[in-house]
Structure formats: C-alpha cells, structure tokens
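Reviewing the structure listed below.
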Amino acid sequence: MLGEYRISGRGAAEIAADVERAVGTGELRPGQHLPAMRELAARLGVNPNTVAAAYRSLRERGVIETAGRRGSRVRPRPATTGREQLRVEVPAGGRDLSTGNPDPALLPGLARALTAAAEVAGRRPVLYGDDPVDADLARVARAELDADGVPAGPLAVTSGSLDAVERVLTAHLKPGDTVAVEDPGWGGLLDLIPALGLHAAPVGVDDDGPLDGRLRHALESGARAVIVTDRAQNPTGASVTATRARALRAVLRDHPGTLLIEDDHGHGIVDLPLHPLAGVTRHWAFVRSAAKAYGPDLRLAVLAGDPLTVDRVRGRQRLGPGWVSLLLQRTVAHLWTHGAIDRGAVARSYGARRDALVGALAERGVGAHGRSGMNVWVPVPDETGAVARLLQAGWAPAPGARFRLASPPGLLPGMTGRQCQGAYRPEAWRPEAWCPGCGAAMTGGAR
C-alpha cells in the first residue's frame, strides 16, 4: 500500500511524527492510502489505540484525512506542503506575475513615520503591563470603522490578517469543525484551515462576492464559521455589493450561531464602498490590515469584534507574543493619520491596470474577473497548458490550483511583482501583450 516506505514508531507521537516527516519529504505522496489501524498496530507491535491516537493527531494537523470505509490517506494538499509551493519557475528575462506583491512605487516612505514612533518611544518606553493597543491607532481605526458601518466593539491588534483569522478561529472552533470559505480563495487561508484540523466547505464566488445560495448550503450542512473577503478578493477581485450584502445577511440571520470573519485587506487600495456583514451573528470579527496599502513588512492588522471574541484573542495573545510592537502600531497610526498615501490615486492606478488587462482579454474572447484590488482571475479550460504556453513566452502567472478547492481551473496574473519594480503603470501597459486563454499575441508588454 505504501510502496517502499514503512511507517515506524512505538508511541502515538513517534508514529505521527514519522508520517508527517515522510509527507514533508515526499516519501508519502498526496492521496496515498495509509494502512488500516489494526494492520499497522500489528506490524509495529503496538496497541491499536496507539495508532488511532496517531492518526487522530495527523487528521487534526491537516496531514491526513479519513474517507469512511476507504480508510485514511494523505491529504491531496497536506498542511506540510503549502500552496505557495505550487509555483512556476520564471524564465530568464521573464516577468513574474505570480507573487501578489503591491507595486513598490505606490508604497509610502516609512522613515518619517518610524522616526515619529521612535521619538514617542524615547519619551515613553513601553513596559510590561501597558495597554497592548496604541491609543492613537485605536482612535483612527475606530473612526474609520464607524464611518464604514462596522459595528461598535473592542479592538485588538494582530500580526497581519492571517494571524487574526487564525486567532479568531482557534478562539471558537475545535478540530473537526467546518469553515465555509470562498472558492476560489486565498491560498494562505486554504492552507491554514487544514493545519488547524478544520475542514473547508467551498462557497462559490462571483464579481459581487460569495454566492448567498452556496453559503446557505454550507451552513445548513454544518459549517460553524464563514470567512468573507469584503473587497479585493484574492484571487478574483470580487467586491461585496450592497445587494449581495443584504442577501448574505439574510442567510446569516437564519444561522445566528455562525462565527463570521470579514477580511478587508483591500482597505486603502480600493475605491469601492464597504458593505460589512458584521452584527448579524452573535460572534464576529472584522479584520483590516496595513500590508497592501503601506507595505508587506508592516505585519499589522486591526481586529474589531464582539466582546467575547476580542477578549479571547487578547487573552491568548498574552500567553504567547504578548502584544504586537507598539513601535509598529504607532508607525501605522502615523501613516493613517498623516495621509501617507493618496488612496484614491492608488486605487485608480491598480484599477487602470486591471481594466486594461480585462479589456484586452475580452477583445480576444477570453473572459476574466477583476473588479477590485491587485489581481485578475482568468478561467481557462486547461490550466497546465496555459501556464506552459505563457512560460514559453516569458510570462509567469500564478497557477489557479493554489487558490482552488472545487472551482474550475484558472490563472492569476497579478498586477505587480517584485521583479517588475513598479513597471506596470497604466501609461506603460500594452494590452496586446499576452492572452492567458490561448497563449497567443505575446509581444510588447510593459517596458
């Protein structure tokens, strides 16, 4: 069943560690079946309960899954193999469109904000026991949340969006619970769910956000939580409209015990209005990060939520990292309060690039999605073939497999990347440069 590989170990922890190591090295492949518990117990000379405990640990860690009478097998995408490994090698002299980085030319300088934060730290050093949320950051964040219609509630600060999502999920859910997630959706989140021992229930997405009918089905099937990207959805660029928000709220009202998590990482780079869903369910969290607008190295997100959720998040933080550096918090507060970026201009710049690409593809009969944010999602019938043809022409998009659970194949050509160094400006973009659907017309491009 396992070919040449033989699982080893005497205790549950040793057996689980051996399987996980083998999955990580590729000796056990995705989809490969594991021995029945009694069979492996007999082979190792241990109690079947020991193997059962090892398998349970592996399921909770997202390494294996149980398929009823068919037994246990390595997950198709085990948590030890992140979706970021589903990459393509950029050809020499090629353009890397796969990273999802913001345009460095649109990011603000940090020197002034860091200096201001350091001066405050010099006058008033942070000590153990201080408030873990900077007062200035809380004030500006709460004012903007109020203006956007996010319900009142306490705040926490986390090390980015994914950190916030993980902390909220672990505050309410247990291994084996199901989370409704957008499909296609953010690869990092799709990796996180099984790593926490949770199951992902795919919810289809169109340009207006998650489909309310699909969400209802997921919740009626037992999902205990749902994660929604309000704007700049990764990878489709969807943005929740007022109409879709009303439909999603109606679904959530019928399931008030659902944990709702909203991700607004597009804040600062999107000029579409926010239509939050928070306030319909008993437990909710709204996450707003600084990475896309101000720089990926600013590992900071503000989390608003109901009192119990925020209290659990902050309580668990106290037992781990303690808090997110107030020097970093004051830097972000300075950037927000002093208008470090022209949000409208940034949104228009990304919008012009998306529109140029989507329009050029439409002229060639290729449909694409890119309503907001930094990405364009291009459905293709043959993902592998389209990626191969683009690579031959010197372009490296992100394979859609990094973002999919059950949705059809596609490609993700981001608007910028580390390699382009801001070259993708509206005035420099030539729509005739390429066609992800057929791989033709690969001339010209941004210079």
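Between amide H atoms placed 1.01 Å from N, distances below 5 Å from Leu28 occur with Val23, all of them 5 or more places distant or on a separate chain.
The calculated P(r) of the chain, using every Cα pair and 10 Å bins from 0, goes 4, 20, 27, 26, 17, 6, 1 in percent. Across the range 36-52, coupling constants 3J(HN,Hα) worked out from phi with the 6.51/-1.76/1.60 Karplus curve, θ = phi - 60°, read 4, 4, 5, 4, 5, 4, 5, 5, 8, x, 10, 6, x, 5, 5, 5, 4 Hz, and Gly and Pro carry x. From least to most packed, judged by other beta carbons within 10 angstrom and beginning with the fewest, His265, His275 follow the order His275, His265.
Summary value for the range 119-226: 22 percent relative contact order, contacts being C-alpha pairs under 8 angstrom separated by 6+ residues.
Based on C-alpha pairs under 8 angstrom that are at least 6 apart in sequence, the range 111-337 has a relative contact order of 27 percent. Modelled label positions at Asp311 and Thr25, each set 7 Å beyond Cα in the direction of Cβ, lie 4.8 nm from each other.
Viscosity 1.002 mPa s, temperature 20 °C: what is the translational diffusion coefficient of the range 111-337 from Stokes-Einstein with a Kirkwood Rh over Cα pairs, rounded to a whole number of µm²/s? D, rounded to a whole number, is 120 µm²/s. With viscosity 1.002 mPa s and temperature 20 °C, the Kirkwood radius over alpha carbon pairs of the range 12-74 converts through Stokes-Einstein to a diffusion coefficient of 186 µm²/s. Going from the residue with the fewest nearby Cβ atoms within 10 Å to the one with the most, Leu211, Leu308 rank Leu308, Leu211.
Mean sequence separation of contacting Cα pairs (under 8 Å, at least six apart), scaled by the length of the chain, corresponds to a relative contact order of 19 percent.
Loop-resident GluC sites (Glu not before Pro) (DSSP state other than H, G, I, E or B) in the range 1-59 with no more than 16 further Cβ atoms inside 10 Å of their Cβ: Glu4, Glu27.
Extending 7 Å from Cα along the Cβ direction at Thr66 and again at Glu119 yields two label points whose distance is 6.1 nm. Going from the fewest other Cβ atoms within 10 Å to the most, the residues Ser159, Ser239, Ser221 appear in the order Ser221, Ser159, Ser239.
Rule-based calculations on the coordinates, nothing more; no lab input. Bear in mind that the values here come from a model prediction, so they are computed numbers and not experimental data. Note that we place each Cβ from the backbone using ideal geometry, even for glycine, and neighbour counts take in every protein chain shown.
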